[in-house]
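J.: Quick one: structure below, then a few questions.
Read-outs throughout are calculated quantities, based only on the coordinates presented, and are distinct from any laboratory measurement. Source: prediction; values computed, not measured.
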Amino acid sequence: MNTDTLPEKDIYLPMPAVVEHSEPLTELDRMFLIRLTNGKPLGHMPGQFVSVTVPGIGEAPISLCTAPDERDTFQLVVRKVGRVTAALHDLPPGSSIGIRGPYGNHFPVDSALLGKDLVIIVGGIGLVPVRSAIQYILQRRADYGAITILYGARTPGDRIFLDEIEQWKNYEGVTYQETVDRGDEGWTGNVGVITTLMPGVPVHPEKSRIIICGPPIMYKFVITGLEARGIPLEHIYVSLERRMRCGIGKCGHCQINRLYACTDGPVFNFADLTDMREAI
């Protein structure tokens with residue numbers, strides 16, 4: 001089939017793609033390098049997602065974890081949690097898959113975050129979609145103020161992107177802190193939930209902008225802590241990427257009261273969610 005004759009970015013028709021490479025990150029998480037067979041870049045922005053089709057099995061929404069560029073490859077991290085994701089984990093290099101997307105909106109790295117001090121608070125697999133934003137920001141380091149990254153994981157073995165995190169620490173004006181819920185014999189770092197890192201983080205109600213992504217329980221306590229320090233809700237951006245299915249607002253699976261996470265999000269300004277805080 002000549003893919004050049006297909007409609008570009010058709011919302012229903014997957015684009016042919018190939019698994020170039022994959023590698024394990026944790027016992028459940030695997031990172032994939034994907035190449036579109038049409039030779040074109042995906043054209044995404046940080047925070048967006050795609051729907052991945054495994055032929056004969058089904059499809060699943062997966063967050064993009066690399067910053068946009070002009071290459072015809074991009075990376076995904078897939079957690080093994082169901083039939084489709086298990087099938088993805090079993091695919092060898094060279095396997096054919098389908099890609100729909102990119103879908104949703106993105107972190108405002110090209111608008112509202114420019115020139116601001118950034119505090120990035122992520123828990124667990126929430127680092128996956130935020131990694132694309134961090135890469136984008138660090139590639140354009142002069143366009144932003146001070147950057148603080150807080151990362152929390154369940155255990156030391158659940159931490160991901162460790163080599164890349166070491167590189168982040170070396171950027172001028174970047175502060176990185178991490179914690180785990182439960183340490184082990186070899187762990188010498190912080191132990192505790194991610195909010196235990198927040199009191200020492202400098203935040204300014206006017207200059208600071210916050211990015212948050214992680215498990216649902218994390219949002220409540222992190223945002224409450226930020227409010228106590230005077231951060232306006234309109235300066236807080238959250239990703240609700242975990243609630244996807246069809247990606248185009250048809251199935252209703254990701255509906256949160258009046259909003260669809262796949263089309264109205266997955267990135268939201270928290271000021272737009274104040275009437276449904278308990279539903280998040």
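J.: What does the convex hull of the Cα atoms come to per residue for the stretch 2-154, in Å³? Let's see the in-between values first.
T.: Working: hull volume 17.4 nm³, N = 153.
Each residue corresponds to 114 Å³ of Cα convex hull volume.
J.: If you take the Cα Rg of the chain and divide it by 2.2 N^0.38 Å, with N the number of residues, what do you get? Could you put the intermediate results ahead of the total?
T.: Working: Rg = 18.6 Å, N = 280, 2.2 N^0.38 = 18.7 Å.
Working it through for the chain, the quotient is 0.99.
J.: Given axes a ≥ b ≥ c from the Cα gyration tensor, I'd like to know whether the stretch 49-112 is rounded (a/c under 1.5), prolate (a/b larger than b/c) or oblate.
T.: On the way: a/c = 2.35, a/b = 1.82, b/c = 1.29.
Prolate, since a/c reaches 1.5 and a/b exceeds b/c.
J.: Okay, moving on. Once the convex hull of the C-alpha atoms of the stretch 157-279 is built, how many Å³ does it hold per residue, rounded to a whole number? Don't jump to the answer; show the numbers that get you there.
T.: Details: hull volume 17.7 nm³, N = 123.
Taking the convex hull of the Cα positions in the stretch 157-279, it is 144 Å³ per residue.
J.: Which whole-Hz couplings ³J(HN,Hα) result when phi for each residue of the stretch 248-259 is put into the Karplus expression 6.51 cos²θ - 1.76 cosθ + 1.60, θ = phi - 60°, listed in order with x for Gly and Pro?
T.: For the stretch 248-259, the Karplus-derived couplings read 10, x, 9, 7, x, 5, 9, 5, 10, 6, 8, 10 Hz, x marking Gly and Pro.
J.: Check the straight Cα-Cα distances from Lys80 and name the aspartates and glutamates below 17 Å, setting aside those fewer than 8 residues away within the same chain.
T.: Qualifying aspartates and glutamates at Cα under 17 Å: Glu23, Glu27, Asp29, Glu59, Asp90, Asp158, Glu241.
J.: With θ set to phi - 60° and the Karplus curve 6.51 cos²θ - 1.76 cosθ + 1.60, what are the ³J(HN,Hα) couplings of the stretch 260-272 in order, to the nearest whole Hz, using x for Gly and Pro?
T.: Here the 3J(HN,Hα) series is 10, 4, 7, 10, 7, x, x, 8, 10, 6, 5, 4, 7 Hz.
J.: Using the alpha-carbon centroid of each, what span in Å lies between the stretch 23-67 and the stretch 173-231?
T.: 28 Å
J.: For Lys40, give me every one of the lysines with a C-alpha distance below 22 angstrom, ignoring sequence neighbours fewer than eight places off in its own chain.
T.: Lys9
J.: Further, regarding this structure: Report the gain in length on full extension from His21 to Lys220: 0.36 nm times residue separation, minus Cα-Cα distance, nm rounded to one decimal. Working shown, then result.
T.: Values: separation 199, 0.36 × 199 = 71.64 nm, distance 3.72 nm.
Result for the pair: 67.9 nm of gain on full extension.
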